[in-house]
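A.B. asks: Quick one: the structure is below, questions incoming.
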Amino acid sequence: MRTHPARRTGLAALLGLLLSGTAVWAQPASPAPADTASSPAAAAAAEPLPNRFAIHGYLTQGWAQSTGTAFYGMSNRPSSDFRYAAVQARFRATEKDLFLVQLNHRRLGRSPITDFESDVNLNWAFYQRTLGTGTTVKVGRIAIPRGIYNELRSVGVALPTYRPPVVFYDEGAYYSETIDGAVVSHRFAEEAAWSLDAHLYGGGWRSLAYDTWSESYGIARVRAENAVGAQLWLHTPAEGVRVGVAAQRYDYDWDSDVPYEVKEWHVSLDATRERGFLRTEAQLQNYGQDKFYSGYVQLGARVTPRLTLTGEVQRSRDTDVQYGEGLPASFEWHRSDGLGAAFAIAPNFVLKAEHHWDRGIQVEQPADPMRAPRFRYAILSLSASF
Amino acid sequence: MPRRLRWSALSLALVLPSAPPRQPVPTAQAAAGYVVVVHASNPTPAMPREQVAKLFLRKATRWPSGAPALPVDLRGGEPAREAFTREVLGKSVPSVKAYWQARIFSGYDVPPPEQPSEAQAVAFVRANPGAVGYVSGSAVLPEGVRALAVGP
């Protein structure tokens, strides 16, 4: 029985906040129309901080089924136990000071991943200071500004499919959404046609690691420490088109083993236009005992103002393999092709249906890379936000 | 003056066709269905469309003078918002709302405050020297605000 009474209480509180209505604005965004036109100094003194306090939230409820292989909680028995939800409270104390806390909740059907987390988790908690140059410094638990989707992993209303490409971004394992540490961000040449966003971060995080090639499937909590990384986004003069490069290194501490160093490189292209989008990313993760390559291409077409069709291709491969007796030096880890449709009933209320064709060992059961299981899965989901 | 009465007076000033305009309104913008308005003390005479878009999408946060910019939107459904969003931001209102969903839930920013009427948007701009808003092309601008010419 997974659900602990205390967890149920926390879940009720989270859902209560989600259902409590629209965004809260503690300070009216509309000031009284004082006659300040002739006195800019007085007006400046009275200038309000719009959106001083705000609460936002999102929820995605999914129904999913696979053709048999255990894959992120799915099996051949359809289940509605798939859900992402979060409530975000933001308080802007001054023009330069911001506090933000986000609680989240995740259910992944029968996945062992959710055995490692509570029904309600502290997702983000950070303080942000804006320096005079426009540079921002965040300290606390912060979404890692990495790649196109890492900061939006569970936000159904902002994603073309139920979740970001899972072969690439995974789901709680080998890839962290957040960092416990600090993130420094700066936009260079913000008024120019070409501008550059730079993010530097350092700290550590918890994630999961799994073992699918042994006789029994295993999953364990791991901790990354001494992480440092950078993400650069070059914004082009073409609206919605940006190119990213990123790199990070950290020490993985798994059980009692000696921590080992991981190095990662990452490139991204995001072209999001009014009529559709093309997003593609590739990365190399060097674990020392192997080099893991993964990538995807996502193409979306907005066929009507409300309906978007998305196709995606994901691939990953493990090379230079020096672990696991009997494993070849190089093998395909996982491949996934998917088609999906998203219908926006409103910008903050989206219905999605998708189907995926997979083959590989990024599964939640023992799997032999030489006889990787082939399977399909489908997800129907409804996302809302306020 | 009670607040309600003052709003009403301002609303009348905006809609009465017989009142002479106190500020010249850029004809190209007006023909497109919107006029960008700033505080009368704002030293910026004109801006390229892309720069105005960056202010409203918070991709830029300051005026050329270095002063903080404070954009204000009209609520969705207002014709001026539809026109401004299409012509200046180059997007549809639902696309802009989707953009803000992503910004909010990646922890970066929240959208500009929305005002329920043009009168209140103008009052907001009039009360805040760094503010920038927009009204319909037929609006008559009161004292304390002026039109900002938006270039291609």
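FYI, it's all coordinate maths here, none of it is from the lab. Since the model is a prediction, treat every value here as computed from it, not as a measurement. We place every Cβ from the backbone using ideal geometry, glycine too, and count neighbours over all the protein chains shown.
A.B. asks: Relative to the first principal axis of the alpha-carbon coordinates of chain A, what is the inclination of helix A:5-19, with its axis defined by its Cα atoms, in degrees from 0 to 90 and to the nearest 10?
C.D. replies: 50 degrees
A.B. asks: What lysines does B:Lys59 reach when the alpha-carbon gap must be under 29 Å and sequence neighbours fewer than 8 apart in one chain are set aside?
C.D. replies: Within reach: A:Lys96, A:Lys138, B:Lys91, B:Lys97.
A.B. asks: Given H placed on each backbone N at 1.01 Å, which residues far from A:Ser111 in sequence or on other chains put an amide H within less than 5 Å of it?
C.D. replies: Those lying under 5 Å, H to H, from A:Ser111 are A:Gly73.
A.B. asks: Then there is this: Gap in Å between the Cα centre of the stretch A:334-365 and the Cα centre of the stretch A:289-331?
C.D. replies: 14 Å
A.B. asks: I would also like to ask the following. So how do A:230-241, A:167-178 stack up, highest first, on mean other-Cβ count within 10 Å?
C.D. replies: Numbers: A:230-241: 16.1, A:167-178: 21.8.
Output ranking for A:230-241, A:167-178: A:167-178, A:230-241.
A.B. asks: Next question. List the lysines whose alpha-carbon lies under 29 Å from that of A:Lys291, not counting same-chain residues fewer than 8 positions away?
C.D. replies: Hits, sequence-local ones excluded: A:Lys263.
A.B. asks: How large is ³J(HN,Hα), in whole Hz, for each residue of the stretch B:81-92 in order, when computed from phi with the Karplus curve 6.51 cos²θ - 1.76 cosθ + 1.60 and θ = phi - 60°, using x for Gly and Pro?
C.D. replies: Per residue, the Karplus-derived 3J(HN,Hα) values read 5, 4, 5, 4, 5, 5, 7, 9, 7, x, 9, 8 Hz.
A.B. asks: Sticking with this structure for a sec: Would you kindly derive the ³J(HN,Hα) couplings of the stretch A:72-84 from the backbone phi angles with the Karplus curve 6.51 cos²θ - 1.76 cosθ + 1.60 (θ = phi - 60°), listing them in order in whole Hz, with x for Gly and Pro?
C.D. replies: 6, x, 8, 8, 6, 9, x, 9, 9, 8, 10, 7, 10
A.B. asks: Could you pull out every residue, at least 5 positions away or on a different chain, whose amide H is within less than 5 Å of the one on B:Asn128? Hs are placed 1.01 Å off N in the peptide plane, and Pro or chain starts have none.
C.D. replies: none
A.B. asks: Can you check what the net charge comes to around A:Ile144, using other residues whose Cβ is under 12 Å from the Cβ of A:Ile144 (Lys, Arg +1; Asp, Glu -1)?
C.D. replies: Working: positive: A:Lys138, A:Arg141, A:Arg146, A:Arg153; negative: A:Glu151, A:Glu177, A:Asp180, A:Glu264.
Charge balance near A:Ile144 sits at 0.
A.B. asks: Moving to a separate point now. Would you compute, from DSSP H runs of 4+ residues alone, the mean residue ellipticity of chain A at 222 nm, taking -39500 (n - 2.57) per run and dividing by the full residue count, rounded to the nearest 500? Write down the numbers at each step before the final one.
C.D. replies: Values: 3 runs with 26 residues, N = 386.
After summing the helix terms and dividing by residue count, I get -2000 deg cm²/dmol.
A.B. asks: DSSP beta bridges in the stretch A:170-289, what fraction antiparallel, as a percent rounded to 5?
C.D. replies: Details: 60 of 61 bridges.
If we restrict to bridges inside the stretch A:170-289, about 100 percent are antiparallel.
A.B. asks: Between A:Gln365 and A:Asp211, what is 0.36 nm times their sequence separation minus the Cα-Cα distance? Round to one decimal in nm.
C.D. replies: Numbers: separation 154, 0.36 × 154 = 55.44 nm, distance 0.88 nm.
This chain segment gains 54.6 nm when fully extended.
A.B. asks: Can you pull the mean other chain C-beta count within 10 Å for peptide B:107-119? All intermediate terms of the calculation are to be shown ahead of the outcome.
C.D. replies: Values: counts 16, 7, 3, 9, 2, 3, 9, 3, 2, 1, 1, 0, 1.
Going residue by residue through B:107-119 and averaging, the value is 4.
A.B. asks: Right, something else. Across peptide A:152-159, what mean number of C-beta atoms from other chains lies inside 10 Å of a residue's C-beta?
C.D. replies: Details: counts 6, 2, 1, 5, 2, 6, 9, 2.
Whole-number average of other-chain Cβ neighbours for A:152-159 is 4.
A.B. asks: Average partner chain C-beta neighbours within 10 Å, per residue of B:36-43?
C.D. replies: Working: counts 0, 0, 0, 4, 4, 8, 1, 0.
So the per-residue partner count for this stretch is 2.
A.B. asks: OK, next. Which of the GluC sites (Glu not before Pro) across the stretch B:46-152 are loop residues per DSSP, with 14 or fewer other Cβ within 10 Å?
C.D. replies: Answer in residue order: B:Glu143.
A.B. asks: Which whole-number percent gives the relative contact order of chain A, counting Cα pairs below 8 Å spaced six or more residues apart? Can you show the working numbers first?
C.D. replies: Values: 1014 pairs, mean separation 52.7, N = 386.
The value is 14 percent.
A.B. asks: Arrange the peptides A:260-266, A:131-137 so that the one whose residues have, on average, the most other Cβ atoms within 10 Å appears first. Show your work: numbers first, answer last.
C.D. replies: Values: A:260-266: 15.7, A:131-137: 12.1.
Highest to lowest by the protection proxy: A:260-266, A:131-137.
A.B. asks: In whole percent, what relative contact order does the stretch A:259-386 give with Cα contacts below 8 Å and a gap of six or more residues? Please list the in-between numbers first.
C.D. replies: On the way: 299 pairs, mean separation 20.1, N = 128.
It rounds to 16 percent for the stretch A:259-386.
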